[in-house]
Amino acid sequence: MNDVLLRVRRTPTAGRHPSRYHPILVALHWISAVAVGLAVATGKLWLEPMPNAPSDKLVLLGVHMALGSAILALTIARLFVRVSTPRPKRATTGSRLLDAMAVVTHYSLYAALLLMAGTGLATALMAGYPAIVFGDRAGPLPDTSGLLPRLVHGAVGWAILLLVALIDLAGQLIRARILDAPATRACMPE
């Protein structure tokens with residue numbers, strides 16, 4: 001992977017901003033988006049309302065935990081690739097407030113994803129989920145509804161939905177449709 005990253009830096013446009021994000025960063029973005037969507041769906045739509053009967057919940061909880069681990073790895077990889085590769089010049093809207101909101105939103109989403117993974121891991125470890133879900137320990141799933149990491153995990157889930165649905169997507173639509181800025185095109189697959 002380092003050869004791919006280094007090759008991009010050695011291109012003739014090394015001193016200028018590229019017109020698009022690095023293809024690895026674009027791929028990581030879209031894989032992350034799908035993984036986050038699946039993790040939110042399994043967590044908010046299916047796991048939260050489901051009773052703690054192990055037969056009903058174990059497989060879904062295992063999928064949710066695997067997705068969370070994958071999202072953590074993808075987020076760390078995205079941050080590494082983001083700082084290791086040249087990026088397009090930051091798109092501007094003409095409004096300093098909207099431009100600042102875009103930056104804050106973007107980095108808030110990274111922070112929320114890392115916090116979500118951390119609180120999910122803490123909840124799983126405190127409840128003994130790995131031994132129950134992936135091991136051979138039988139019995140009912142422990143009630144985690146009162147654990148602080150679980151409460152934060154649930155709240156951050158809603159924050160991620162808010163960041164993605166109301167702010168990030170709205171910002172992309174504003175830039176792409178109203179301002180005809182190239183920011184949206186720069187993160188789309190070719």
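Using the count of nearby Cβ atoms within 10 Å as a rough guide to exposure, how do 71, 31 rank from fewest to most?
Lowest count first: 31, 71.
Quick one: Kirkwood hydrodynamic radius for the stretch 25-123, alpha-carbon pairs, angstrom, one decimal?
Details: mean 1/r = 0.0655 Å⁻¹.
In the stretch 25-123 this quantity evaluates to 15.3 Å.
Can you give the extra length, in nm with one decimal, that the chain gains between residue 125 and residue 151 once fully stretched, where that is 0.36 nm per residue apart less the Cα-Cα distance?
Numbers: separation 26, 0.36 × 26 = 9.36 nm, distance 1.47 nm.
Result: 7.9 nm gained on full extension.
Sorted by mean Cβ packing within 10 Å, highest first, what order do the peptides 101-107, 39-45 take? Could the numbers behind the result be given before it?
Numbers: 101-107: 14.6, 39-45: 17.0.
Descending packing order for the listed peptides: 39-45, 101-107.
In what order do 89, 57 fall by count of nearby beta-carbon atoms within 10 Å, going from fewest to most? Can you show the working numbers first?
Working: 89 12, 57 19.
In increasing order of surrounding Cβ atoms, one gets 89, 57.
Read the figures in this text as sums done on the coordinates, not as results from a lab. On a predicted model such as this, the values are computed, not experimentally measured, just so you know. Positions of Cβ are backbone-derived with ideal geometry, glycine not excepted, and every protein chain shown enters the neighbour counts.
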